[in-house]
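Here the structure is laid out as structure tokens; the discussion comes afterwards.
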Amino acid sequence: MANDYSVDDLLDFLSHASDKGLMPAATATALGVATRNVLGVLDGPEREDVRKLDLDAVIKRFTNKRAREFSPSSLKEYGRRVHKALDLFLSWRGDPANFTVKTRASTAGKKDRSVRPEPAAVAPEQRDIALTSNQTANGYQSSLPIRPGTVVTLVNIPTDLTPAEAERLAKFVKMLAAE
């Protein structure tokens with residue numbers, strides 16, 4: 001690669017981190033969706049080196065351009081996710097051998113990566129909405145594609161969800177599956 005710090009390299013890193021288990025697939029997908037959306041406002045030369053970006057100014061451009069498409073809390077969350085994605089990318093670029101990601105969940109996110117759709121499995125017009133998260137009064141809402149054409153939405157997820165509660169929820173969902 002001629003430039004290891006382009007927007008495309010950042011997006012490739014998120015895919016790589018998910019594929020290699022460096023972070024939960026859902027986390028990488030959420031960061032990727034936000035990054036693709038927010039950095040989509042950049043034109044050619046701006047996409048060449050993410051280290052040179054005034055990220056807050058880019059997020060403001062995105063917010064001004066697409067404010068009617070998202071709730072205010074979603075816009076804030078996208079900004080937070082892009083900051084996190086860039087921080088993780090730069091950390092990984094600086095020292096790949098010692099790269100780690102802190103996660104809330106224990107092993108629940110590592111058990112089954114098969115729910116992550118292949119990029120071609122989601123229609124291009126749906127790719128940017130494949131994983132969304134919206135804050136609500138009682139927690140947040142999150143949607144995840146489980147197969148082409150099927151998206152599952154969880155509502156009222158507590159913002160302080162514990163690993164034990166996540167495991168209980170996972171067991172409940174597993175019980176719903178037809179065998």
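Computed from the coordinates by the stated procedures, all read-outs in this text should not be read as laboratory data. Quantities reported herein were computed from a predicted structural model and do not represent experimental measurements. Don't worry about glycine lacking a Cβ; one is built from the backbone with ideal geometry, like all the others, and counts go over all protein chains shown.
Values as computed for the structure displayed
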{"item": "Backbone HN-Hα couplings from phi across segment 33-40 [Karplus 6.51/-1.76/1.60, Hz, Gly and Pro as x]", "result": "4, 5, 5, 4, 5, 5, 6, x"}
{"item": "Cβ charges +1 (Lys, Arg) and -1 (Asp, Glu), total dipole of segment 27-95, debye", "result": "260"}
{"item": "Long pairs among Lys20/Lys171; Lys60/Lys171; Lys65/Lys174, criterion Cα-Cα beyond 31 Å", "result": "Lys60/Lys171; Lys65/Lys174"}
{"item": "Cβ-based net charge around Arg51, under 13 Å, with every Lys or Arg adding one and every Asp or Glu removing one", "result": "-4"}
{"item": "Residue-count net charge about Asp9 - beta-carbon cut-off 12 Å; Lys, Arg +1, Asp, Glu -1", "result": "-2"}
{"item": "Part-to-part distance (alpha-carbon centres) for segment 79-101 and segment 1-70, which is given in Å", "result": "12"}
{"item": "Ordering of 30-37, 70-77 by burial proxy (mean other Cβ atoms within 10 Å per residue, highest first)", "result": "30-37, 70-77"}
{"item": "Over segment 1-103, equivalent-ellipsoid semi-axes from the Cα gyration tensor in Å", "result": "22, 17, 10"}
